[in-house]
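The values are calculated or read from the model by the stated rules, or taken from the named source; none is laboratory data. Quantities reported herein were computed from a predicted structural model and do not represent experimental measurements. Cβ coordinates were reconstructed from backbone atoms using ideal geometry, including for glycine residues, and neighbour counts include every protein chain displayed. What goes into the accessible areas is simple: the full protein's heavy atoms, side chains included, and nothing from ligands, DNA or RNA. Shrake-Rupley method; radii C 1.70, N 1.55, O 1.52, S 1.80 Å.
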Amino acid sequence: MTSRHIVALGGSLLRPEESEKRSEWLGQLRQLAVHLEGNERKVGIVIGGGLPAREAIELAKNCISSTDKLDQVGIAATRLNATIIQQILLDIGCNVAPSIPHTTSQSAELLEKYNFVVMGGTTPGHTTDAVAVAFARDAGARTCIIATNVSHVYDKDPRQFDDAQSLTNLTIDQLAEITGIGEPLAPGASAVIDPIAVGWAKDACIDLAVLDGRQISILEQALDGQPFEGTLINS
Ligand code: UTP
């Protein structure tokens, strides 16, 4: 069986703050897709909501207090971002599933037929990190790559603590001590990894690779099974 790779691409990666970096990153992602397709790799890509999710949830919060309903707003934004990436890959002629699946089991089925399946969120109560872990489980992948806008998992929040240390290897239980496990985040809240995703990775014995997705070369190394700069978490 061709090996399957599942990647969560944080929504912030689609819209770097500097506008010239936006087309540069998308251009490098397209090149990577061409390289992967040339090597007959199968890749499931789960796209986060990033800026549109945060903006839409902030707007809706003025009128809506239900967490589930705010999560639905966030899910719509992830599906918008997923459509952008899906259409870009279709445009360069990649063998991409023509629909954006609503469940990870549908995505795993589509990955049998297509080289790429792009999806966003599924149901309330978790983020796209957890969706990517569930997709990895359903597709029989051993590892789920979480490409985000930080280089590593840190022992504490580097935005708050100057002495935070970056970590290169962790067990899933060590990760759970840092991030928490099983407790949902508030709609639109940010964390290096969603605690629900940590719980699902532990249950399904999925290893996690956390890396800086702003550098496509690092993502490529991880997809090629080479040593990469980031944090590897063994389940
Ligand atoms: P994201 O997966 O984008 O959250 O979902 P994130 O961790 O902020 O990721 P980045 O910033 O894109 O890297 C955005 C929001 O959408 C809802 C949640 O409210 C989440 O906070 N969501 C997403 C769900 O409820 N279910 C899903 O499956 C996905």
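The share of alpha-carbon pairs in segment 118-169 lying farther apart than 18 Å comes to 49%. Translational diffusion coefficient of segment 63-140 (Stokes-Einstein, Kirkwood radius from Cα pairs, 37 °C, 0.692 mPa s): 252 µm²/s.
Only alpha carbons enter this Debye calculation for segment 97-195, each as an equal point scatterer, and the log10 of I(q)/I(0) it gives at q = 0.17, 0.21 Å⁻¹ is -0.86, -1.14. Here the Karplus curve 6.51 cos²θ - 1.76 cosθ + 1.60, taken at θ = phi - 60°, turns the phi angles of segment 51-59 into couplings of 4, x, 5, 4, 4, 5, 5, 4, 5 Hz, with x standing for Gly and Pro.
Phi angles of segment 144-149 translate, via the Karplus equation with coefficients 6.51, -1.76, 1.60 and θ = phi - 60°, into HN-Hα couplings of 10, 8, 10, 9, 9, 9 Hz per residue; Gly and Pro are given as x. Between T123 and E58, the simple spin-label model (points 7 angstrom out along Cα→Cβ) gives 3.1 nm.
With viscosity set to 0.692 mPa s and temperature to 37 °C, compute the Stokes-Einstein D of segment 1-50, Rh being the Kirkwood radius across alpha carbon pairs; µm²/s, no decimals.
D = 273 µm²/s.
Sketch the reach of a paramagnetic label on S3 as a point 7 Å from Cα along Cα-to-Cβ, and name the residues of segment 124-154 whose backbone nitrogen lies under 11 Å away. Answer for this model: 142-143. Taking the Cα atoms of segment 1-138, the ratio Rg/Rh between the radius of gyration and the Kirkwood radius comes to 0.99. Here the chain carries DSSP beta bridges of which approximately 15% are antiparallel, counting only pairs with both residues inside. Label-to-label distance for D68 and E229 is 4.4 nm, based on points extended 7 Å past Cα in the beta-carbon direction.
Is the shape of the chain best called rounded, prolate or oblate, per the rule: a/c under 1.5 gives rounded, else a/b larger than b/c gives prolate, else oblate, with a ≥ b ≥ c the square roots of the Cα gyration tensor eigenvalues?
On the way: a/c = 1.31, a/b = 1.11, b/c = 1.18.
Rounded, since a/c falls under 1.5.
Taking GluC sites (Glu not before Pro) that fall in a DSSP loop and have at most 15 other Cβ atoms within 10 Å as cut points, what is the longest piece of the chain between them? Before the final figure, lay out each step's value.
On the way: sites that count: E17, E18, E40, E229.
It runs 41-228.
Cross-link reach is defined here as a Cα-Cα straight distance under 30 Å, omitting same-chain residues fewer than 8 places apart; for K202 the lysines meeting it are K42, K69, K113, K156. Excluding ligands, DNA and RNA, the accessible surface per residue across the chain is 48 Å² with a 1.4 Å probe. With 0.36 nm allotted per residue and the present C-alpha distance subtracted, the S99-Q31 stretch has 22.3 nm of extension available.
Give, as a single signed number, the net charge of other residues whose beta carbon lies under 11 Å from the beta carbon of L185, with Lys and Arg counted +1 and Asp and Glu -1. Here the count lands on -4. Taking every DSSP beta bridge that has both ends in segment 113-235, the antiparallel portion is near 35%.
Working from label points 7 Å from Cα in the Cα-to-Cβ sense, the K113 to A186 distance is 4.2 nm.
Quick check: at a probe of 1.4 Å, how many percent of the accessible area of segment 87-131 sits on carbon and sulfur atoms?
Reported share for carbon and sulfur atoms: 50 percent.
For segment 20-80, the equivalent ellipsoid derived from the alpha-carbon gyration tensor has semi-axes of 33, 15, 5 Å in decreasing order.
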